[in-house]
Amino acid sequence: MVDSQYFLPNDVGISPLDCREAFQLLSPSEQLYAHYISRASWYGGLAVLLQTSPESPAVYVLLQRLFRAQPPSELQSLATSLTDEEYQALLVYAAGVYANMGNYKSFGDTKFIPNLPKEKLKALVWQSQAFQDNPSEMEALWSSCGDRMYSLEERQKQLGLGDKGITTYFSGNCGLEDAELAQKFLDSKNLSAYNTRLFKKVEADGKRCYEVRLASAVKEEETDNKCGSFEFEGATFRVLRGDYAPLMRKVAENLKKATAYAANENEKRMLEEYSRSFTLGSIDAHKEGSRYWIKDKGPIVESYIGFIESYRDPFGSRGEFEGFVAMVNKAMSARFAQLVSSAEVLLPELPWPADFEKDLFLKPDFTSLDVLTFAGSGIPAGINIPNYDDIRQTDGFKNVSLGNVLAVAYATKKEQITFLQEEDKDLYVAWKGPSFEVQVGLHELLGHGSGKLFVQDEKGNFNFDQKTVRNPETGELISSWYKGSETWDSKFSTIASSYEECRAECVGLYLCLNSHVLSIFGHEGTDADDLVYVNWLAMVRAGLLGLEFYTPESQSWRQAHMQARFVILRVLLEAGEGLVTLRHTTGADGRPDAIISLDRSKIRSVGQPAIARFLCRLQVHKSTADVEGGRALYERYSAVTASEPENFLKLRDTVLLRKETRKMFVQANTRVKGDAVELLEYEGSAAGLIRSFTERFHEDGEELEKELLELSRADSPCWC
């Protein structure tokens, strides 16, 4: 029997991402601008297949060939040996591969396999029209991915580095020590890891040779100090361009087309720099484009594109490709604008000394958006970008809340709620959406947007006074800081993403108690009290649910946000005084269950001080580049043990027994028809999601798939 966590259930929620009204309000020029950036995003999003697992590109191409030749309803007529449940399982698997851009869950990094016998799927492939049209090609595709598609060998069950899992950010023979050495090399060359992958070879004499690949359309090594061969600490590093070259070429071409429809000079320069970045593999160009993006205040069509989030790099430094295009929701954006205006009043409320806050809060854009396109491995609820520390400190950032995503993803039915007392469920249903809206606003703007990093630049200049700034925990002058090209990600590496998400979540919990914040979102009196209670209750429940994303065998976490929420649960349990109660029970079905409860009368008196103390410690370690102290603190609260009374390992089994499956989204396509842009929408089902992808690359799908397979096959020996 295969553990159910490696299947996607047939009843998984699949919903269309509605954006028709917002798209139709755009002018023809704005629609064309949105269309071409969407195309760039979708082409670049295919790189995620190559960033996920060795077999993902072939699995994707197999499914595309299968369903392009025959839509799901027609293919089913051939599936006479499959039950209805087995055929639906195939559709759900295909939808999952498309939604996650690979065969590992984007939220949790666990592999998922088809929930039907391998022999039956193979037989259906052989019966299909795609096979009849091109038997040798389909047989070769199956041979290249069929076994791996179903494999649940221990190392292949989750993403990870070395013996902890699978990753294609590194060749299969790389371990943590290789990642650490490569980071030191990149820092020495002032090269960002965001758009790189690392491949290792060992010569006959035992010398290590590393290939650092930059994602770019061009392959030739230009004569600059970035590319070439370098000796470093007894190893050879060769930096070269051309990773994902055919895809990056398509990205750059479509960004250039979008430039003709830019609304202003900032958008035009932004797109030009992005195009240069994807052409040459230049993070410096992407940074320059991001500066223009920050200056582009209040656009009607908002977008961002690049190698952005480092959650899925096991070392925490390399970015996964993503690109989004969205339209502004003016009503909700007005509330976020009020929150931005209040930021300078709210920041001093945070529980760390003024020296640990940015010298100047650069007021960002904060908008609520209806997503047209979000290409990558998953769709978040909110974003605070760019992630470049130097830009965030000196130029600022932007925040976005994805309104049509929130409307679908966090709609909750009472019967679906686990681990809460019956008396809490109605309140939870009523306030989960509004409370999450407040939490996202605070998390993105004042969580990720707060706090100073102490830096000594290459010239020896400090951005703080060494003689006066003291550590509030010890009372001593601070003795550590970031030096030269060191960044938050490069210093804190494997814990950086989760640690920062935890800090932002704590800021949201802490400041949601502020009456001014609540009034901005239209909540006062008993409504405000209920919202605060549900926000804190949702956080401790999420901490319990987070156990699904912990792997006991490797003692590792597979999802940054859920690890962060588990850490917060541990902090609030440690606060004691009955604030949070967690107990093992037996459900009405006779199976193990659990109940988590929160004493709402103690949120301000016990909960808020506990979060304040913890939040201050998180910020101090972050500001001072104290990796050792920060890691010790964070790993202590991240530990999952069998110790009583909680026995989190036992609770993990209960959570897996009753786990929820994350929803999938069906996104629209756009197509130029004459002088207009047509919006193509699809039903909210596995078949609808499949159709959206088979039609997404209608002009050059087969050519793209050949290039994907060539890229994948060229590197396949690296993961044998």
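Scan region 636-646 and tell me whether some residue there is touching a Pro at 6+ places or on another chain (Cβ under 8 Å) and closer than 30 Å to K491 by Cα.
yes
None of K663, K650 is within 21 Å of G96 (Cα to Cα), in contact with a strand residue (DSSP E or B) (Cβ under 8 Å, 6 or more places away or on another chain) and open to solvent by 60 Å² or more (accessible area, probe 1.4 Å) except K663.
Restricting region 138-177 to residues that are surrounded by fewer than 18 Cβ atoms within 10 Å (Cβ to Cβ) and of a type in the set (A, V, I, L, M) leaves a set whose member that is farthest from the chain's Cα centre (by Cα) is A140.
Let's see how each residue does on (1) in contact with a Cys (Cβ under 7 Å, 6 or more places away or on another chain); (2) touching a residue at least 24 places away in the same chain (Cβ under 8 Å); (3) closer than 18 Å to I305 by Cα:
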| position | (1), (2), (3) |
| --- | --- |
| L17 | no, yes, no |
| A22 | no, yes, no |
| Y33 | no, yes, yes |
| Q51 | no, yes, yes |
| P72 | no, yes, no |
| S77 | no, no, no |
| S81 | no, yes, no |
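Considering only residues in region 391-413 that are under 20 Å from the mean Cα position of the chain (by Cα) and in a helix (DSSP H, G or I), the one that is modelled with the lowest pLDDT turns out to be A409.
With a requirement of 2 or more residues that are closer than 30 Å to D109 by Cβ, the helices (runs of 4 or more DSSP H) lying completely within region 1-56 that satisfy it span 28-45, 47-52. Scanning region 618-642 for residues that are under 21 Å from F464 (Cα atoms) and surrounded by 18 or more Cβ atoms within 10 Å (Cβ to Cβ) yields a count of 10.
Within region 574-602, take every residue that is of a type in the set (D, E, K, R) and assigned to a helix (DSSP H, G or I) and give me the one that is farthest from T654 (Cα to Cα).
So in region 574-602, the residues of a type in the set (D, E, K, R) come out as 574, 577, 583, 589, 591, 593, 599-600, 602.
Filter again for assigned to a helix (DSSP H, G or I), leaving 574, 600, 602.
Working: E574: 22, R600: 25, K602: 28 Å.
Only one residue fits best here, namely K602.
Every listed requirement among (1) aliphatic (A, V, I, L, M); (2) touching a Pro at 6+ places or on another chain (Cβ under 7 Å); (3) within 23 Å of D653 (Cβ to Cβ) is met by V567 save one, (2). Scanning region 692-701 turns up no residue that is more than 30 Å from Q76 (Cα to Cα) and outside any helix (DSSP H, G or I). One residue alone among S554, S498 is at negative phi, at pLDDT 95 or above and either crowded, with 22+ Cβ neighbours inside 10 Å or not β-branched (V, I, T) (or both), and that residue is S498.
Residue-wise test of (1) under 23 Å from the mean Cα position of the chain (by Cα); (2) of a type in the set (F, W, Y); (3) within 17 Å of G281 (Cα to Cα); (4) surrounded by fewer than 20 Cβ atoms within 10 Å (Cβ to Cβ).
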residue	(1), (2), (3), (4)
A179	yes, no, no, no
N190	no, no, yes, yes
L198	yes, no, yes, no
A204	no, no, no, yes
R208	no, no, no, yes
E211	no, no, yes, yes
E220	no, no, yes, yes
N225	no, no, yes, yes
G228	no, no, yes, yes
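The lone criterion from (1) open to solvent by less than 20 Å² (accessible area, probe 1.4 Å); (2) touching a strand residue (DSSP E or B) at 6+ places or on another chain (Cβ under 6 Å) left unmet by A99 is number (1). Could you grab me the full set of residues in region 284-326 that are touching a Leu at 6+ places or on another chain (Cβ under 6 Å) and acidic (D, E)? Within region 284-326, just E302 meets the criteria.
The values are calculated or read from the model by the stated rules, or taken from the named source; none is laboratory data. All values reported here derive from a predicted model rather than from experimental measurement. So basically every Cβ, Gly included, is an ideal-geometry build from the backbone, and we count neighbours across all protein chains shown. Areas reflect the complete protein model, heavy atoms only, side chains present, ligands, DNA and RNA absent. Shrake-Rupley method; radii C 1.70, N 1.55, O 1.52, S 1.80 Å.
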